[in-house]
Amino acid sequence: MTDDAHPPETKLTTTKRRWAADGKFLTGRIVRPEDERLPPGQHLVKDWPVLDLGQQPIIRTESWRLDITGHVEHPLSLDWATFKALPQSHRLSDMHCVTTWSRYDNRWQGVTTRDLLDQVMPKAEASHVMLTSYDGYTTNMPLADFASEDAILATEWEGQPIGRTHGGPMRLVVPHLYLWKSAKWLTRIDFREGDMPGFWERNGYHMRGDPWREERYSDD
Ligand SMILES: Nc1nc2c(c(=O)[nH]1)N[C@H]1C(S)=C(S)[C@@H](COP(=O)(O)O)O[C@H]1N2
Ligand SMILES: [Mo]
């Protein structure tokens with residue numbers, strides 16, 4: 001997949017673009033109180049909803065690849081065995097979807113982005129990453145967010161391989177940003193100088209997406 005791949009227009013795409021235009025779900029609160037766990041405008045769910053553009057690619061681990069490109073000392077094209085041989089870590093985190101559901105205490109296993117960064121060594125000019133997935137989805141974020149301690153390239157959830165509908169065999173989880181930044185079926189991480197909007201960011205959503213600041217939509 002390349003940056004040129006355009007996922008198909010769906011009803012969800014149209015609806016969410018309209019929400020962005022209307023500023024839907026904004027409460028106006030921006031400061032995170034010390035004792036609060038639920039970001040403003042969110043509600044708690046116990047199940048785990050599936051949200052995507054409606055194309056859930058079937059990726060066999062035999063043909064899976066993760067390409068690391070752009071401004072790094074050591075570009076990589078990892079196959080499944082090589083990826084699974086990287087140091088394995090666990091993380092426990094909450095998820096916050098911009099459609100207002102949040103889910104607490106998700107147990108992930110996989111490779112932390114920090115361990116991946118140790119392998120590829122971003123160059124000084126790398127300021128952002130662009131993530132590309134097998135369904136053509138893209139999303140962008142500052143390198144500092146990608147490199148956060150909680151961010152993980154996850155292959156297991158609650159001790160089981162992540163199912164296809166939730167982005168298996170591997171998805172990114174960046175829990176301190178809205179969940180649209182957590183690319184499912186991730187296949188490419190491009191280190192860039194400067195920021196570029198991904199799919200939802202081109203459709204009215206925020207370039208950063210911090211749920212505690214309610215960065216749901218772009219300002220203009
Ligand atoms: N590849 C890909 N990743 C994606 C999406 C997508 O459409 N394609 N949707 C994003 C959005 S908007 C959300 S809310 C979460 C949903 O993840 P889930 O289906 O596992 O809950 O995935 C994000 N990652
Ligand atoms: Mo979402």
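The values are calculated or read from the model by the stated rules, or taken from the named source; none is laboratory data. If you're wondering where the values come from, they're calculated on a predicted model, not measured in any experiment. Counting neighbours? That spans all protein chains shown, and the Cβs are built from the backbone with ideal geometry, glycine included. These accessible areas exclude ligands, DNA and RNA; they are computed on the full protein's heavy atoms, side chains included. Shrake-Rupley method; radii C 1.70, N 1.55, O 1.52, S 1.80 Å.
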> Restricting the search to region 179-199, which residues are farther than 19 Å from H43 by Cβ, open to solvent by 10 Å² or more (accessible area, probe 1.4 Å) and either within 12 Å of ligand 2 (Cβ to nearest atom) or touching a Gly at 6+ places or on another chain (Cβ under 7 Å) (or both)?
Replying inline: K184, D190, R192, F199
>> Just the residues that are open to solvent by 20 Å² or more (accessible area, probe 1.4 Å) and among the small types (G, A, S), please, taken from region 127-137.
In response: S127
>> Restricting to region 84-97, give me the number of residues that are closer than 29 Å to E201 by Cα and surrounded by 14 or more Cβ atoms within 10 Å (Cβ to Cβ).
In response: 6
>> So if I check each of A124, A151, A147, which one is small (G, A, S) and either loosely packed, with under 15 Cβ neighbours inside 10 Å or within 13 Å of ligand 1 (Cβ to nearest atom) (or both)?
In response: A124
>> Please count how many residues of region 159-189 are in a loop (DSSP other than H, G, I, E, B) and within 13 Å of ligand 1 (Cβ to nearest atom).
In response: 14
>> Among the residues of region 191-209, are any touching a residue at least 24 places away in the same chain (Cβ under 8 Å) and closer than 27 Å to P87 by Cβ?
In response: yes
> If you go through region 98-120, how many residues are open to solvent by 10 Å² or more (accessible area, probe 1.4 Å) and within 13 Å of ligand 1 (Cβ to nearest atom)?
Replying inline: 4
> Say we look at region 20-33 and pick out the residues that are within 16 Å of ligand 2 (Cβ to nearest atom) and open to solvent by 50 Å² or more (accessible area, probe 1.4 Å); which of these is modelled with the lowest pLDDT?
Replying inline: F25
>> I need the full set of residues from region 129-158 which are within 16 Å of ligand 2 (Cβ to nearest atom) and either farther than 13 Å from T187 by Cα or part of a strand (DSSP E or B) (or both), in order please.
In response: L131, S133, T138, T139, N140, M141
> Do any residues in region 79-104 that are farther than 30 Å from K24 by Cβ have Cβ atoms under 8 Å from those of residues that are within 16 Å of ligand 2 (Cβ to nearest atom) and not in a strand (DSSP E or B), where the two are at least six apart or on different chains, and which pairs are they?
Replying inline: R91/P175
> Which number in (1) open to solvent by less than 60 Å² (accessible area, probe 1.4 Å); (2) without any contact (Cβ under 8 Å) to a residue 24 or more places away in the chain; (3) farther than 24 Å from H43 by Cα marks the one condition that R171 misses?
Replying inline: (3)
